[in-house]
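Below: one structure, written as structure tokens.
What follows draws every value from the coordinates through simple rules; no lab data is involved. Since we're looking at a predicted model, the values are computed, not measured. No Cβ is skipped: glycine too gets one built from the backbone with ideal geometry, and neighbour counts run over all protein chains shown.
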Amino acid sequence: MRRGTSQPLVLHDDRFFDANPSVRTAARALYEETRDLPLVCPHGHVDAALLAADDAFPEPAALLIVPDHYIFRMLYSRGVPLESLGVPSRDGTPVEQDPRRIWKRFAEHYYLFRGTPTGAWFDHELYDLFGVRVKLDADTADVVYDQIAERLATPEFRPRALYERFNIEVLATTDKASDSLDAHQALRDSGWSGRVVPTFRPDAVFRIAAPDWRAELSALAAAHGGPITDLSSFLGALQERRRFFRSLGATATDHAVVEPYTARLSPSDADELFRRALRGDATAADQMRFEAHMLIEMARMSVDDGLVMQLHAGALRDHNRAVAEQFGADKGADIPVQTEFTRNLTELLNAYGNDPRFTLVLFTLDESTYARELAPLAGHYPALRLGPPWWFHDSIEGMTRYRHQVTETAGIYNTAGFNDDTRAFCSIPARHDLSRRVDANFLGGLVARHVIDLDDARVMARALAYELARETYRFQTPAHSLDNGRPRLVSGGVSR
Amino acid sequence: MRRGTSQPLVLHDDRFFDANPSVRTAARALYEETRDLPLVCPHGHVDAALLAADDAFPEPAALLIVPDHYIFRMLYSRGVPLESLGVPSRDGTPVEQDPRRIWKRFAEHYYLFRGTPTGAWFDHELYDLFGVRVKLDADTADVVYDQIAERLATPEFRPRALYERFNIEVLATTDKASDSLDAHQALRDSGWSGRVVPTFRPDAVFRIAAPDWRAELSALAAAHGGPITDLSSFLGALQERRRFFRSLGATATDHAVVEPYTARLSPSDADELFRRALRGDATAADQMRFEAHMLIEMARMSVDDGLVMQLHAGALRDHNRAVAEQFGADKGADIPVQTEFTRNLTELLNAYGNDPRFTLVLFTLDESTYARELAPLAGHYPALRLGPPWWFHDSIEGMTRYRHQVTETAGIYNTAGFNDDTRAFCSIPARHDLSRRVDANFLGGLVARHVIDLDDARVMARALAYELARETYRFQTPAHSLDNGRPRLVSGGVSR
Amino acid sequence: MRRGTSQPLVLHDDRFFDANPSVRTAARALYEETRDLPLVCPHGHVDAALLAADDAFPEPAALLIVPDHYIFRMLYSRGVPLESLGVPSRDGTPVEQDPRRIWKRFAEHYYLFRGTPTGAWFDHELYDLFGVRVKLDADTADVVYDQIAERLATPEFRPRALYERFNIEVLATTDKASDSLDAHQALRDSGWSGRVVPTFRPDAVFRIAAPDWRAELSALAAAHGGPITDLSSFLGALQERRRFFRSLGATATDHAVVEPYTARLSPSDADELFRRALRGDATAADQMRFEAHMLIEMARMSVDDGLVMQLHAGALRDHNRAVAEQFGADKGADIPVQTEFTRNLTELLNAYGNDPRFTLVLFTLDESTYARELAPLAGHYPALRLGPPWWFHDSIEGMTRYRHQVTETAGIYNTAGFNDDTRAFCSIPARHDLSRRVDANFLGGLVARHVIDLDDARVMARALAYELARETYRFQTPAHSLDNGRPRLVSGGVSR
């Protein structure tokens, strides 16, 4: 094994497919069915301003390393200081400013990503987007850097050009309830044909015990354009903001909680709780009750206005206080906890789970809930859909486990298709490609074991790659008709 | 992909086997070893009256759709109203009465079952039992309906004829403690050679906080033929009913709880609790303590009378209150919860877990307990056996996970073999066949990886398919000798 | 299937490798890369006195059956009394004394181990160490016994000769804080070249509510050579004992807890708690708080003295009281419980998790924590490494699940390599061989699916089999240079 000279970077055509020829043949056929379908991106964290401004991306380190916590947390876990990777500090600690040194440090440690989805996505980006043909390591760091930098300077690598090249059909951002949505408005005004829509995420104004709650509430009132003095005006403001989000194309809300606890308060209790919060007296226990109540309120509003409700449960944020204080949130230290859905969702599902106007998409970081709680719930309640494997589980093995543990009880038609959930715009095609390959491989395995036949598998592959996301998030447009001569659900557009 | 004309329905000979030729060859050989063994059905919900009366089955929808919550809950989850499927309402809401329309609606949505065990069982029934050779969908609904209806009208499709055709060796029903067992008595009196035995399930009289507890207790007293005025007469009645069940062939009891909590009360505490229940004052907490105590009492009686004790833990019943109120229990809305066995079973196992006269079979809906708690417990306590994957996990992937997670710690000989746990009589052969295929495939995988050899695998395959169920449930009869020239456990009859 | 004549015992060259030819070819190549690497044994329970005395082993039953709870617990679970296997009783109950009868009884039940790691290890020992070529069963019991007994009598089967034959590079024992380490001193004095090092395990003196705590504390004081009258002298004694352990080669400490709860007490609270313990008044709740505090104290000392800290969480000891009373601890009745790491470790990790001088190795019996909590934590905190699958999970399937659930989030470089954790000295090569095969197969699967290439896989295989254990436990010695022409981590010696 001679090392030290650069090795070729190869993306194998059959990557991520099972080595068994029967499975692989079926997986290939199914992947061919979906590889060129448009990308539906119903949940993610790309900044709309990126596409509104449509400026050239900066150099490689600032684009690919410094903002990507998937990447720098892994280096940090092996002892590489965040300062040395140029991660901006909140406290004025000086951090590395030389992008080439940052890139080199990353390249030296790129071996840490072997066998990880980040490694798979990154290789895909290097190869497919930037035309790199050598494996990234310390020796090749500079030449790869130069190649990426050169491409980024061309008009073909502007955000809107990439959006089109990526074949994105719709891209949802995630936005605070108080967000002005100026970038979304600017995009709409620009006349550009891309479809970029906001998502209503009001978490910050539900956290009544958080130190910044008053500031968040003020921002909401300002955006709303009216005072928030009690629960009733608070609910009114939320309702109005939802309307505003919808006016700019939103089809969904998003909610992040540690426990997916839902419980309705009496009107007087809810009112009293809100007053206590306004007085600055709300405790953590108060906040838990308030969040539980507001989730039910959000479901109620969704029944009215048709916004699909997303619930991401189970991440304990900012586990590492020193890192949070020095570098801020989202630095790779959000750690999952055990999560309970069956009892916690009882009230919300009993209130709205049977309502045909309502859709609730659940996301978990606790895989033990897939087969035990989530698939049985989704296999019963009409309103429920299971979101795709989230975050740490958005990976080859993670997606495979999800399909194996969910499908037998819920089928595929109670799942919500794929979403990339990324803030790394350039990684979007790699993420969808990996997902389509893994789903094709899952279905190919069923075909090879004669659980389903290839005809049915083709229909299922299209549903998983494209149609279920469109249906669940209510994105149906006439643009991409997939009618295959079979009847459709009126509400769905999912081929059978 | 041309659709709209009917496609052939095929049951592949190698279905559910791994696509790898070495695994498949071994799996085939092992399946050949077991495919024609008699069916032992130690736990299920078939109505004994069905076989006692031996009337012809009704038309297809009433037989296969309306009573099967595996089926209608999936359609419901995608928005098909239960009314439209003919599920009888409790509140007088009119429901669909036309069996053909029910059947058609089902056929239109049959695609939802792709990749599910229900789909696999149903295709097996269609093909093998009813001779259907086209895939079921909206277009073929009528012709398939007619074909099934025609067969159901023939004498060969009477329940007893099917029992014999299915090659059932013994079929256990599940019966309330107060059940008269008239159907069992009638079967015995009829002189028919089939072996149908009751199972003693006293849950209803242990739920002292339930609204219908007094009614259940009265029914027990009536069946017992004597008053129940205190704990002592309650225990006496139970003991006598167990004797009666045994007289009609019962070899087991069955108990369903949310938490498998066991704790012995002092005689005076138990007595006081029972009195409180008689006064109508029992709380949910009281009931939990009472159930915990009664499980230990049941174990004690099992030591005495030899009835095998089954414990099904972890289902939260009737999660969807609206459905429960309108349509009743068992409508697909029983949802699993996290379950703890190690601490909860401490008292019961310390009391009777070392007793060679006692057998306790555990069932879980929380797969995370397989490797963590259940296999270590069963790999230690002589009295313990692990029941097969239950309910949502009675599936290709579910059974595979079970074997992979249980075998290395507990071996196969601390598991209880298969049971079909079904109320759908016609699905029994399909369920056993799927189980035998999956176990053959599991063992074939071990053979192909040289973990075991094929000779040992053959012996293990027979144990899993037939002998372990007979041994665990104490069904040994001289009818089917499987002696293969090797010594046997005195108590077992499991070939080594 | 003709039985009753002895069947040949075969260890297939490709055992435990996937049957797919692409996976198997890659797995073989990777296994060849590691099969002859020295064995690093950083955690285990071999008695140092065994090697210090270097006496011949006793006959087969006393060596292989009577002391091995992996073996006798399985026979016990199927109704074989521990007395009949010669397990010594604490209460004077007579137990079987005839080693041949014990051996025969084991051989009769050896079929119970089919498909278990114990079976795989035992066959490996029989074949490779003792030259047995027939499958063990009732018929072959005597001839196998004789063959083993004959070998054990030869000089080549003395412990030190086996240590060398096994190619062990370093072997860590596990020792009480109060242990004199006489055997370690004797080994050092003997001039023998083997490297046997102690591990500091102070659990017994942290269990302040246990009946034997005072005795343990006295033993610690005696070993320390000074009185322990308060918390300060307690901490001083621990610090001095750690120094003593390090003087005899220790590189690590080990700690076993049910819950991995960590929380720092104020100095006055800690002091008061210790006084209460000295008065004999400590409760179970007190002990929990004390252990939580002492884990943080141990981390603090590790930062100072460089001892790697190991934490084994989640085993409920002595579940079966009757067995514990009659036969003592470690009889196969330690049963895992659900375990929580994210919240429990917050205080310890916030105190020392970012410190480059600190290494904490976590072990779990709750596999649901692999992907949910442990991999995310290890993929963030510099101090964390994940220990290999422990105990019930140290198996083909268990290791495979571990790699599948951990690698995508933490990579392989945040794992601690393999350890055999055994008291069965003769099983060490079998355990490392199985681990190397399973890891080679895991990596071979990634190669066959084109997730990584074979070059990278070779480097990873060496890391998993050898380098990561040396790096994590700070065993770097110049003896075995593995430099392959690539840069290394200064702190590590792990090839990239």
message: Compute, for the stretch A:1-135, the length of the dipole vector about the Cα centre, with Cβ point charges of +1 (Lys, Arg) and -1 (Asp, Glu) only. Units Debye, rounded to 20.
response: 800 debye
message: Tell me the mean residue ellipticity at 222 nm calculated for chain C from its helices only (DSSP H runs of n ≥ 4, each -39500 (n - 2.57), averaged over every residue, nearest 500).
response: -12500 deg cm²/dmol
- request: Mind scanning B:Lys104/B:Lys331; A:Lys104/A:Lys176; A:Lys135/A:Lys331; C:Lys135/C:Lys331 and naming the pairs with a C-alpha gap bigger than 30 Å?
  value: A:Lys104/A:Lys176
- prompt: Could you give the distance between the Cα centres of the stretch C:33-107 and the stretch C:330-369, to the whole Å?
  reply: 29 Å
Top positive-direction residue, dipole computed over chain A with Cβ charges, set A:Ser233, A:Asn167, A:Val494: A:Val494
message: Quick check on the exposure proxy: order A:Arg90, B:Arg114 from fewest to most C-beta atoms within 10 angstrom.
response: A:Arg90, B:Arg114
- prompt: trypsin sites (Lys or Arg not before Pro), restricted to the stretch A:260-291: which are DSSP loop and have at most 16 other Cβ atoms within 10 Å?
  reply: A:Arg279
- prompt: When N is the residue count of chain A, what does its C-alpha Rg come to as a fraction of 2.2 N^0.38 Å?
  reply: 0.99
- prompt: Projected onto the charge dipole of the protein assembly as shown (+1 at Lys/Arg Cβ, -1 at Asp/Glu Cβ, origin at the Cα centre), which of A:Phe418, A:Val87, C:Gly387 gives the Cα projection farthest towards the positive end?
  reply: A:Phe418
field: Charge tally in the Cβ shell below 9 Å around C:Pro8, where Lys, Arg are +1 and Asp, Glu are -1, C:Pro8 excluded
entry: +2
message: Which of the three applies to the stretch C:152-202, rounded, prolate or oblate, going by the alpha-carbon gyration tensor with a ≥ b ≥ c and a/c under 1.5 meaning rounded?
response: prolate
- request: Measure out, as a whole number of angstrom, how far apart the alpha-carbon centroids of the stretch B:267-304 and the stretch A:278-307 sit.
  value: 41 Å
- request: Based on other C-beta atoms within 10 Å, arrange B:Val303, A:Val196 from fewest to most.
  value: B:Val303, A:Val196
Alpha carbon centroid spacing (whole Å) that separates the stretch C:423-438 from the stretch C:149-196: 17 Å
query: Can you give the convex hull volume per residue for the Cα atoms of the protein assembly as shown, as a whole number of Å³?
result: 180 Å³
- request: State to the nearest 20 debye the size of the charge dipole of the stretch A:159-472 about its Cα centre, where the only charges are +1 on K and R beta carbons and -1 on D and E beta carbons.
  value: 420 debye
The stretch A:195-284, dipole about Cα centre (Lys/Arg Cβ +1, Asp/Glu Cβ -1), debye to the nearest 20: 360 debye
Positive-end extreme of charge dipole, the stretch C:57-156 - chosen from C:Phe72, C:Val134, C:Ile102 (charges on Cβ): C:Phe72
query: For B:Phe363, what is the net charge nearby, where nearby means another residue's Cβ is under 11 Å from its Cβ and Lys, Arg count +1, Asp, Glu -1?
result: -3
statement: Honestly the stretch A:57-157 on the Cα gyration tensor test (a ≥ b ≥ c root eigenvalues; a/c under 1.5 rounded, otherwise a/b vs b/c for prolate or oblate) is just oblate
